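J.: One structure coming up, written as structure tokens, with questions to follow.
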Amino acid sequence: MTDHEHDVLVIGSGAGGSMAAYVLTKAGVKVHMLEAGRNYDPAAETPMFSENRDAPLLGTSTPDKDFGFYNATIDGGWDIDGEPYSAAEGSEFKWWRTRMLGGRTNHWARNSFRMGEYDFKPKSRDGLGFDWPISYEELAPWYDRTEKLIGVYGVNSGLSNHPDSGAGVLQPPPKARVPELFAAAAAADIGIPCVPARRAVLTRDPGDGRSPCFWATDCGRGCNIGAAFQTTTSLLPWARETGRLSITTDAMVYEITTGEDGHANGARYIDKTTGEHRFIGARAVVLAASAAESARILLNSNAKDRGGLANSSGQIGRNLMDTVGSGITGQIPGLEDRPRYNEDGAMGMHVYIPFWLYEEQAAGQLDFPRGYHLEIYSQFSAPGVGWGAGLDGYGRSALESARRYYGSFIHFAQRGEMIPNENCFAEIDAEQKDKFGIPVLKFHYKHTEHEYGQVAHAQQASIELIERMGGRVVSDVKAPADAIAAGGEIIHEIGTARMGASAADSVTNSYGQTWDVPNLFILDGAIFASKAHKNPTLSILTLAMRGADHLVNEMKQGTL
Amino acid sequence: MVHDLMLQRRQVFQGLLALSAVGGLAACGGADKAASGQIAGSVAPGVFTGEEMALISAVAQTIIPKTETAGAVQAGVPETLQSLATDWGDTDFQQYWKTGLAALGSALTSETGAAFTQLSPSEREAVLSAFDAQVFSGEVDNGFYRDFKATVVQAYYMSEPGATEELAYEPVPGEWIGCVPLSDFPKTWAT
């Protein structure tokens, strides 16, 4: 029946798309992948050792390179020329788009926390939001497989709703740094847990060609030795090795097409190198273009009635969520003038503070629902733009105060759960199109008292930690509504094609398989039914592994 | 907030937060050039005249003098400032710096009427000490001096001598050992 050599079309090469391509090709399925961004070769293009002083503008952030000149995001960002998006009046939403092979996995923080049993059944627990159509117990073995495959450091802490991994799954974490030990001691005094963080960074040789961390260079620039997980050094080359993965980059997908039987039969895209419109067929389609882009493609598909494809529930674009974010910085006299030692470690967190108040929350003792964690950032590190800008004095005293204050600041970043609300959604903008002629997204976004209450609590906890460390708060402590990160700003947007137990009120089943179009799977953050405080990438990878495995089974059984 | 998040994401929180003068440059139109991949420091001479460069050098070296380690001039800070303004600044930015430098030169003229660049190092220190205190106490409003100083300090600590000698830097430490005698590990960060 096919006029193409592949069986499955995968749209997107980030965490979800790459995991799907890996699972499918390993199972013998031929896959063609479309990526909207350009090709990227981490071996040739990762500026791991470049010095900021040699970069334009000393390497600082610019509208072209939002996270600095050497950040791995070689194309894309908050704004892309000719590809606008809009926000409804009174809404603020920032949409990060990484346009390159491997997507955001090239630069993410690599924080990898499992969702727990409460996280999958939030509505059952407090009546808010939606339950997932899957339990933690069902997903646990898939988390084990994913963590083992990608490589995650951490320990089993045995804390409620922060699940332990299977035996032998985790890699050993690096020891805590001095400021982290100090923060952990303060936390222990107050009665707050502070445990080894979990990050997708190798600390042992996995024996698959990647190297363990060599304790140098900023992970955000990308990691061409493969220690910090990104699909361009792992899942994609492994899938290519099977001989069953082909990839077209610069392919801007705008529509998934369906046949007479209502099944997906391919996609239309614009070849950005020539501007030509192209069609590519397939037996099944995996959509993993990122939560908002996937929703946009579906809403722009099946354009006859403008209702969008796979949208009989009307839920596509709805339930848009992002991690609740805020932060407090302190200066700690006890960390001033401390002895020097190399404190780079794995660059990101070695320890963090997981949410510790589930019991109190369930007992109604807190004025906000759902948890958050505190990420801890403090270390001696390479100076960059912004460094030393408030330095006191001049001459020898200036040098002395630079040495004294170096490494004495600590930042607590709140990362919390947001509850879906009807004011947060994306829809097709009736007026605007991008330079390709594709209708753009319009975002609606409003936080609620749930999020503000949580921010206030996190601010208070952070201040208490700083004070217990003998420090002073140096951030401007704002009211929660002003302190909270704008929607999208934490770059964890999810929920726009949520999974559920019924076709009436959800877009997919627990495998990411759309209710309306059985050979169309959505395997990115769009399918999340809730936004736990846990950073989403590990769960995207895990759900994609399970969903792609299900797709393989259905193809083998002949149901697809 | 974006700045704050950027720092968290890059895992390079460095403290002493303040929006920098160099950060302002990007907003002033340097971005197009940034995309082209030009390397700073490649253009000389630039928008600052010899006289302006002399003032920049004299003030920068008084802020960061040569001690056991390199001072601002030895670290190439004046050339970095020249490059930032010439390669990346738009005309508004260049004018801001040139006007600011002229006013700074006047403000730093000694009581005897001698130009700052003509003073001895100890005289420069005395003049700058008084001026710096006035600015940072708010007695004198001089936003340019704050920007100038911030840029000098950043350029210095990002330079090779500032980074490797003053703060201690090692490209690749090789292993992570979280618990060691401190005397064995004098370097503080890698690449």
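J.: Could you give every pair whose Cβ atoms fall below 9 Å, whose first residue belongs to segment B:162-177 and is over 16 Å from residue A:227 (Cβ atoms), and whose second residue is assigned to a helix (DSSP H, G or I) and modelled with pLDDT under 75, counting only separations of at least 6 or pairs across chains?
T.: Listed pairs, sorted by first residue: B:177/B:184.
J.: Let me ask something else about it. So which of A:430, A:426, A:497 ends up being free of Cβ contacts under 8 Å to residues at least 60 places away in the same chain and either more than 14 Å from chain B (Cβ to nearest Cβ) or hydroxyl-bearing (Ser, Thr, Tyr) (or both)? If you could, list the steps in order and put the result at the bottom.
T.: Numbers: A:426 fails: free of Cβ contacts under 8 Å to residues at least 60 places away in the same chain; A:497 fails: free of Cβ contacts under 8 Å to residues at least 60 places away in the same chain.
Testing whether each residue is free of Cβ contacts under 8 Å to residues at least 60 places away in the same chain and either more than 14 Å from chain B (Cβ to nearest Cβ) or hydroxyl-bearing (Ser, Thr, Tyr) (or both) leaves just A:430.
J.: Here is a further query. If only one of A:147, A:83, A:138, A:117 is closer than 30 Å to residue A:360 by Cβ, among the acidic types (Asp, Glu) and open to solvent by less than 30 Å² (accessible area, probe 1.4 Å), which one is it? Full working, then the answer.
T.: On the way: A:83 fails: closer than 30 Å to residue A:360 by Cβ; A:138 fails: open to solvent by less than 30 Å² (accessible area, probe 1.4 Å); A:117 fails: open to solvent by less than 30 Å² (accessible area, probe 1.4 Å).
One residue alone meets the criteria, A:147.
J.: Exactly one of (1) under 20 Å from the mean Cα position of the chain (by Cα); (2) within 30 Å of residue A:314 (Cβ to Cβ) is unmet by residue A:421. Its number?
T.: Against the list (1) under 20 Å from the mean Cα position of the chain (by Cα); (2) within 30 Å of residue A:314 (Cβ to Cβ), residue A:421 comes up short only on (1).
J.: Within segment A:58-65, identify whether any single residue is open to solvent by 40 Å² or more (accessible area, probe 1.4 Å), modelled with pLDDT under 95 and either closer than 30 Å to residue A:437 by Cβ or of a type outside the set (Val, Ile, Thr) (or both), and answer yes or no. Break it down stepwise before answering.
T.: From segment A:58-65, those open to solvent by 40 Å² or more (accessible area, probe 1.4 Å) are A:63-64; that's our starting set.
Next, only the ones that are modelled with pLDDT under 95 stay: A:63-64.
Filter once more, so that each one left must be either closer than 30 Å to residue A:437 by Cβ or of a type outside the set (Val, Ile, Thr) (or both): A:63-64.
Yes, segment A:58-65 has at least one match.
J.: Test residue A:126 against the criterion of being of a type outside the set (Lys, Arg), under 30 Å from residue A:510 (Cα atoms), open to solvent by 30 Å² or more (accessible area, probe 1.4 Å) and more than 14 Å from every other protein chain (Cβ to nearest Cβ), and give yes or no.
T.: Numbers: of a type outside the set (Lys, Arg): yes; under 30 Å from residue A:510 (Cα atoms): yes; open to solvent by 30 Å² or more (accessible area, probe 1.4 Å): yes; more than 14 Å from every other protein chain (Cβ to nearest Cβ): yes.
Judged against the criteria, residue A:126 is a match.
J.: Right, next: Could you count how many residues in segment A:395-411 are within 7 Å of chain B (Cβ to nearest Cβ) and over 26 Å from residue A:181 (Cβ atoms)?
T.: Within segment A:395-411, residues that are within 7 Å of chain B (Cβ to nearest Cβ) and over 26 Å from residue A:181 (Cβ atoms) number 4.
J.: I'd like to verify a number: residues in segment A:395-441 that are more than 30 Å from residue B:127 (Cα to Cα) and open to solvent by less than 60 Å² (accessible area, probe 1.4 Å), how many? Lay out the reasoning, then the answer.
T.: Filtering segment A:395-441 for residues more than 30 Å from residue B:127 (Cα to Cα) gives A:407-441.
From the residues that got through so far, the ones that are open to solvent by less than 60 Å² (accessible area, probe 1.4 Å) too are A:407-421, A:424-426, A:428-429, A:434, A:436-441.
Number satisfying all stated conditions: 27.
J.: If a residue has to be in contact with a strand residue (DSSP E or B) (Cβ under 9 Å, 6 or more places away or on another chain), more than 10 Å from every other protein chain (Cβ to nearest Cβ) and in a loop (DSSP other than H, G, I, E, B) to count, how many in segment A:91-117 make the cut?
T.: 10
J.: When you go through (1) surrounded by fewer than 19 Cβ atoms within 10 Å (Cβ to Cβ); (2) at pLDDT below 95; (3) within 24 Å of residue A:543 (Cα to Cα) one by one for residue A:54, which number turns out not to apply?
T.: Failed condition: (3).
J.: For segment A:322-344, how many residues are more than 27 Å from the chain's Cα centre (by Cα) and either buried (at least 21 other Cβ atoms within 10 Å of the Cβ) or part of a loop (DSSP other than H, G, I, E, B) (or both)?
T.: Let us first name the residues in segment A:322-344 that are more than 27 Å from the chain's Cα centre (by Cα), namely A:331-342.
Then drop every residue that is not either buried (at least 21 other Cβ atoms within 10 Å of the Cβ) or part of a loop (DSSP other than H, G, I, E, B) (or both), which leaves A:332, A:335-342.
Qualifying residue count for the region: 9.
J.: Would you check if there is a residue in segment A:240-248 being over 17 Å from residue A:8 (Cα atoms), surrounded by 20 or more Cβ atoms within 10 Å (Cβ to Cβ) and of a type in the set (A, V, I, L, M)?
T.: Looking through segment A:240-248, none of the residues is over 17 Å from residue A:8 (Cα atoms), surrounded by 20 or more Cβ atoms within 10 Å (Cβ to Cβ) and of a type in the set (A, V, I, L, M).
J.: Taking the condition surrounded by 23 or more Cβ atoms within 10 Å (Cβ to Cβ), modelled with pLDDT of 50 or more and more than 11 Å from every other protein chain (Cβ to nearest Cβ), does residue B:45 pass?
T.: Values: surrounded by 23 or more Cβ atoms within 10 Å (Cβ to Cβ): no; modelled with pLDDT of 50 or more: yes; more than 11 Å from every other protein chain (Cβ to nearest Cβ): yes.
For residue B:45, the condition - surrounded by 23 or more Cβ atoms within 10 Å (Cβ to Cβ), modelled with pLDDT of 50 or more and more than 11 Å from every other protein chain (Cβ to nearest Cβ) - is not met.
J.: Sort out which residues of segment A:345-383 are open to solvent by 10 Å² or more (accessible area, probe 1.4 Å), in contact with a His (Cβ under 7 Å, 6 or more places away or on another chain), more than 7 Å from chain B (Cβ to nearest Cβ) and not in a loop (DSSP other than H, G, I, E, B), and write them in order of number.
T.: Of everything in segment A:345-383, just one residue is open to solvent by 10 Å² or more (accessible area, probe 1.4 Å), in contact with a His (Cβ under 7 Å, 6 or more places away or on another chain), more than 7 Å from chain B (Cβ to nearest Cβ) and not in a loop (DSSP other than H, G, I, E, B), namely A:352.
Yes/no per residue for (1) touching a residue at least 12 places away in the same chain (Cβ under 8 Å); (2) among the polar types (S, T, N, Q); (3) over 26 Å from residue A:273 (Cβ atoms); (4) in a loop (DSSP other than H, G, I, E, B):
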position	(1), (2), (3), (4)
A:29	yes, no, yes, yes
A:33	yes, no, no, no
A:36	yes, no, no, yes
A:48	yes, no, yes, yes
A:57	yes, no, yes, no
A:73	yes, yes, no, yes
A:80	yes, no, no, yes
A:89	no, no, yes, yes
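J.: Can I ask one more? Within segment A:384-394, take every residue that is open to solvent by 10 Å² or more (accessible area, probe 1.4 Å) and not small (Gly, Ala, Ser) and give me the one that is farthest from the other protein chains (Cβ to nearest Cβ).
T.: Within segment A:384-394, the match that is farthest from the other protein chains (Cβ to nearest Cβ) is A:392.
Rundown of residues vs (1) out of contact with any Cys (no Cβ under 9 Å at 6 or more places or on another chain); (2) within 30 Å of residue A:201 (Cα to Cα), yes/no style:
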| residue | (1), (2) |
| --- | --- |
| A:332 | yes, yes |
| A:347 | no, yes |
| A:350 | yes, yes |
| A:363 | yes, no |
| A:372 | yes, yes |
| A:393 | yes, no |
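J.: Here is a check on your reading of the model: is residue A:104 open to solvent by 50 Å² or more (accessible area, probe 1.4 Å), farther than 24 Å from residue A:248 by Cα and out of contact with any Pro (no Cβ under 9 Å at 6 or more places or on another chain)? Talk me through it step by step, then tell me what you get.
T.: Numbers: open to solvent by 50 Å² or more (accessible area, probe 1.4 Å): yes; farther than 24 Å from residue A:248 by Cα: no; out of contact with any Pro (no Cβ under 9 Å at 6 or more places or on another chain): yes.
No.
J.: Same structure, new question: Within segment B:114-162, track down each residue that is farther than 20 Å from residue B:81 by Cβ, more than 8 Å from every other protein chain (Cβ to nearest Cβ), outside any loop (DSSP other than H, G, I, E, B) and charged (D, E, K, R).
T.: Listed by number, the list holds a single entry, B:123.
J.: Tell me, please, whether a residue that is closer than 26 Å to residue A:106 by Cα and within 14 Å of another protein chain (Cβ to nearest Cβ) can be found in segment A:227-242. Quick ask: steps written out before the conclusion?
T.: At the first step, the residues of segment A:227-242 found to be closer than 26 Å to residue A:106 by Cα are A:227-242.
Remaining after also requiring within 14 Å of another protein chain (Cβ to nearest Cβ): A:227-228.
For segment A:227-242, residues closer than 26 Å to residue A:106 by Cα and within 14 Å of another protein chain (Cβ to nearest Cβ): present.
Residue-by-condition table, conditions (1) closer than 24 Å to residue A:462 by Cα; (2) surrounded by fewer than 16 Cβ atoms within 10 Å (Cβ to Cβ):
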| site | (1), (2) |
| --- | --- |
| A:154 | yes, no |
| A:168 | no, yes |
| A:171 | no, no |
| A:195 | yes, no |
| A:198 | yes, no |
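J.: Looking only at segment A:463-487, filter to residues that are within 11 Å of chain B (Cβ to nearest Cβ) and within 20 Å of residue A:447 (Cβ to Cβ); which one of those is surrounded by the most Cβ atoms within 10 Å (Cβ to Cβ)? Full working, then the answer.
T.: Of all residues in segment A:463-487, those within 11 Å of chain B (Cβ to nearest Cβ) come to A:474-476, A:478, A:482-486.
Subset that is within 20 Å of residue A:447 (Cβ to Cβ): A:475-476, A:478, A:482-486.
Details: A:475: 19, A:476: 9, A:478: 13, A:482: 12, A:483: 21, A:484: 23, A:485: 26, A:486: 18.
Only one residue fits best here, namely A:485.
J.: Looking only at segment A:520-560, how many residues end up being over 23 Å from residue A:505 (Cβ atoms), under 23 Å from the mean Cα position of the chain (by Cα) and open to solvent by 10 Å² or more (accessible area, probe 1.4 Å)?
T.: Qualifying residue count for the region: 4.
J.: Here's a follow-up. Kindly indicate the residue of segment A:200-238 that is within 22 Å of the chain's Cα centre (by Cα) and among the aliphatic types (A, V, I, L, M) and also surrounded by the fewest Cβ atoms within 10 Å (Cβ to Cβ) among those meeting that condition.
T.: My answer is A:225.
J.: Look at segment B:143-162 and say how many of its residues are open to solvent by 30 Å² or more (accessible area, probe 1.4 Å) and either touching an Asp or Glu at 6+ places or on another chain (Cβ under 7 Å) or under 20 Å from residue B:52 (Cβ atoms) (or both).
T.: As a first pass, look at segment B:143-162 and keep what is open to solvent by 30 Å² or more (accessible area, probe 1.4 Å): B:143, B:146-147, B:160.
Subsequent filtering for residues that are either touching an Asp or Glu at 6+ places or on another chain (Cβ under 7 Å) or under 20 Å from residue B:52 (Cβ atoms) (or both) retains B:143, B:146-147.
Within segment B:143-162, residues that are open to solvent by 30 Å² or more (accessible area, probe 1.4 Å) and either touching an Asp or Glu at 6+ places or on another chain (Cβ under 7 Å) or under 20 Å from residue B:52 (Cβ atoms) (or both) number 3.
J.: What are the residue pairs meeting all of these: first residue in segment B:54-71, first residue closer than 19 Å to residue B:133 by Cα and within 11 Å of chain A (Cβ to nearest Cβ), second residue open to solvent by 20 Å² or more (accessible area, probe 1.4 Å) and of a type in the set (Asp, Glu), Cβ atoms under 9 Å, and 6 or more apart or on different chains?
T.: Sorted first by the residue in segment B:54-71, then by its partner, the pairs are B:62/B:125; B:65/B:125.
The values are calculated or read from the model by the stated rules, or taken from the named source; none is laboratory data. Just so you know, these numbers come straight off a predicted model, no measurement behind them. So basically every Cβ, Gly included, is an ideal-geometry build from the backbone, and we count neighbours across all protein chains shown. Note: accessible area is taken over every heavy atom of the protein model, side chains too, but ligands, DNA and RNA are not part of it. Shrake-Rupley method; radii C 1.70, N 1.55, O 1.52, S 1.80 Å.
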